[in-house]
(Lines give C-alpha, C1' and ligand atoms only; values in the text may rest on other atoms or scores of the structure.)
Protein backbone atom coordinates (compact mmCIF):
# COMPACT_ATOMS: atom_id res chain seq x y z
CA UNK A 1 0.00 0.00 0.00
CA UNK A 2 1.40 3.37 -1.04
CA UNK A 3 1.39 6.14 1.54
CA UNK A 4 0.71 9.83 1.15
CA UNK A 5 4.33 10.50 2.18
CA UNK A 6 5.61 8.35 -0.68
CA UNK A 7 3.51 10.33 -3.15
CA UNK A 8 4.86 13.56 -1.65
CA UNK A 9 8.46 12.36 -1.96
CA UNK A 10 8.01 11.38 -5.61
CA UNK A 11 6.30 14.67 -6.45
CA UNK A 12 8.88 16.69 -4.50
CA UNK A 13 6.26 18.37 -2.32
CA UNK A 14 5.06 18.11 1.27
CA UNK A 15 2.43 15.62 2.42
CA UNK A 16 0.17 18.61 3.16
CA UNK A 17 0.36 19.59 -0.50
CA UNK A 18 -0.61 16.07 -1.59
CA UNK A 19 -3.54 16.14 0.83
CA UNK A 20 -4.61 19.53 -0.50
CA UNK A 21 -4.35 18.22 -4.08
CA UNK A 22 -6.81 15.47 -3.19
CA UNK A 23 -9.24 17.50 -1.08
CA UNK A 24 -9.09 20.99 -2.62
CA UNK A 25 -7.16 20.90 -5.93
CA UNK A 26 -8.36 24.40 -6.86
CA UNK A 27 -6.15 25.78 -4.08
CA UNK A 28 -2.93 24.61 -5.76
CA UNK A 29 -0.89 26.09 -8.57
CA UNK A 30 -1.65 24.09 -11.75
CA UNK A 31 2.01 23.08 -12.13
CA UNK A 32 2.14 21.70 -8.58
CA UNK A 33 -1.19 19.95 -9.00
CA UNK A 34 0.04 18.27 -12.17
CA UNK A 35 3.19 16.97 -10.40
CA UNK A 36 1.10 15.53 -7.57
CA UNK A 37 -1.44 13.97 -9.94
CA UNK A 38 1.34 12.35 -11.95
CA UNK A 39 2.89 10.92 -8.77
CA UNK A 40 -0.51 9.61 -7.65
CA UNK A 41 -1.05 7.97 -11.04
CA UNK A 42 2.42 6.43 -11.26
CA UNK A 43 2.19 4.93 -7.77
CA UNK A 44 -1.50 3.93 -8.08
CA UNK A 45 -2.18 5.76 -4.82
CA UNK A 46 -5.63 5.32 -3.29
CA UNK A 47 -6.53 7.23 -0.10
CA UNK A 48 -6.97 4.90 2.88
CA UNK A 49 -10.58 5.43 3.98
CA UNK A 50 -10.19 4.25 7.61
CA UNK A 51 -7.39 6.77 8.12
CA UNK A 52 -9.64 9.56 6.90
CA UNK A 53 -12.36 8.44 9.32
CA UNK A 54 -9.92 8.47 12.23
CA UNK A 55 -8.55 11.89 11.28
CA UNK A 56 -11.92 13.55 10.69
CA UNK A 57 -13.82 11.81 13.48
CA UNK A 58 -16.73 11.27 11.05
CA UNK A 59 -17.43 7.85 9.59
CA UNK A 60 -20.43 8.89 7.48
CA UNK A 61 -22.19 5.68 8.53
CA UNK A 62 -25.40 5.12 10.39
CA UNK A 63 -26.43 2.37 12.75
CA UNK A 64 -29.69 0.52 12.65
CA UNK A 65 -30.98 -1.15 15.81
CA UNK A 66 -33.86 -3.51 15.28
CA UNK A 67 -36.01 -5.89 17.26
CA UNK A 68 -35.34 -9.48 16.16
CA UNK A 69 -39.02 -9.82 15.27
CA UNK A 70 -38.81 -6.93 12.83
CA UNK A 71 -37.61 -7.36 9.32
CA UNK A 72 -34.87 -4.98 8.18
CA UNK A 73 -34.74 -4.28 4.47
CA UNK A 74 -31.59 -2.67 3.20
CA UNK A 75 -29.90 -3.26 -0.13
CA UNK A 76 -26.40 -2.61 1.17
CA UNK A 77 -26.60 -3.78 4.80
CA UNK A 78 -24.35 -6.36 6.41
CA UNK A 79 -25.60 -8.25 9.48
CA UNK A 80 -23.04 -8.01 12.29
CA UNK A 81 -24.95 -10.06 14.84
CA UNK A 82 -26.99 -9.18 17.91
CA UNK A 83 -29.46 -7.20 15.81
CA UNK A 84 -26.75 -4.87 14.46
CA UNK A 85 -26.37 -4.08 10.79
CA UNK A 86 -23.61 -2.19 8.99
CA UNK A 87 -24.76 0.04 6.15
Taking the stretch 1-14 as the region of interest, how many residues are at pLDDT below 95 and surrounded by 13 or more Cβ atoms within 10 Å (Cβ to Cβ)? 3
If we keep only residues of the stretch 36-59 that are assigned to a loop (DSSP other than H, G, I, E, B) and out of contact with any helix residue (DSSP H, G or I) (no Cβ under 8 Å at 6 or more places or on another chain), then the residue modelled with the highest pLDDT is 44
Would you be able to tell me the number of residues in the stretch 5-19 that are touching a helix residue (DSSP H, G or I) at 6+ places or on another chain (Cβ under 7 Å) and part of a helix (DSSP H, G or I)? 10
Hey, residue 33 within 14 Å of the chain's Cα centre (by Cα), modelled with pLDDT of 90 or more and surrounded by 11 or more Cβ atoms within 10 Å (Cβ to Cβ) or not: no
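The values are calculated or read from the model by the stated rules, or taken from the named source; none is laboratory data. The structure presented is a predicted model; accordingly, all values stated were derived computationally and were not measured. So basically every Cβ, Gly included, is an ideal-geometry build from the backbone, and we count neighbours across all protein chains shown.
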